[in-house]
Structure formats: C-alpha cells, structure tokens
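Participant: Before we start, here is the structure in question, set down as structure tokens.
Since every read-out is calculated from the coordinates, none of them should be taken as a lab result. Fair warning: this is a prediction, and the values are worked out from it, not measured in the lab. All Cβ positions, glycine included, derive from the backbone under ideal geometry; neighbour counts span all protein chains shown.
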Amino acid sequence: MSKGISETKDVIAFVAALVKVIDSRSDRGKARFINMIPSIVKLTPKAIRAINGVKEIPGEFKDLDDKERKELIEVIKKEGCTLSLVNDKKIIEKILEMLVQFSSILQIFKS
C-alpha cells in the first residue's frame, strides 16, 4: 500500500515558492535578501507544514510511482516556479533525492 505523497508535496510546494521569491526578487541575477523578507515571511505557513511532515518524506519517496512524480511536477508548476528543467525526469529525481537528504538533516535539528 502506498504511503502517498502528502508531506513531500508540502515540502516541494515550499521549496518551489521559495525559488519563485528568490527569482522574482533578484536584480540582474543578484538576489537582494532585504527585498525578499516580506515575501519569505508570507511563506511561513508553507514552511511550517513542510518542516512538520519532513520525517515522512523518505517513506513516501521509497514507494513513489510515475503518477505521483507527475503530481509533484504539477505542484511545482502550480507554485509558479517556471523552471524549464521541471520536465526533465533526471532533474526531478535529483530534486527528490535532495529532499530526502534535506529531511534527514532537518530531523537532526528537530531531535
């Protein structure tokens, strides 16, 4: 039985929204953190959902199927993250692997 992807979706939604903020607030390729603060603060609810469920991501990732991968890509697109690489399966796999590693690191801090 599949574990689903609810927690993974929360993390991806947060990361995609954060990427969008950074991209939209950059000035000639140089991000100005001070300009991002109001937008980053608005991401707080997404960040909390992402952090609270992060321990479930490795389990969700282990049984990820093609339908769920496509659903995760749609989450990225829904957040307005227009990465041209979103349709590249290898890039998506690497992003998901990084999320698993990120979740392990966050667990260390939550302990």
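Participant: Would you mind ranking 19, 54 by Cβ crowding within 10 Å, fewest neighbours first?
Facilitator: 19, 54
Participant: Ok, one more. In what sequence, highest mean first, do 45-51, 62-68 appear when ranked by Cβ atoms within 10 angstrom? Intermediate results must be reported in sequence, preceding the final value.
Facilitator: Working: 45-51: 16.4, 62-68: 12.0.
With the highest mean Cβ count within 10 Å placed first, the list reads 45-51, 62-68.
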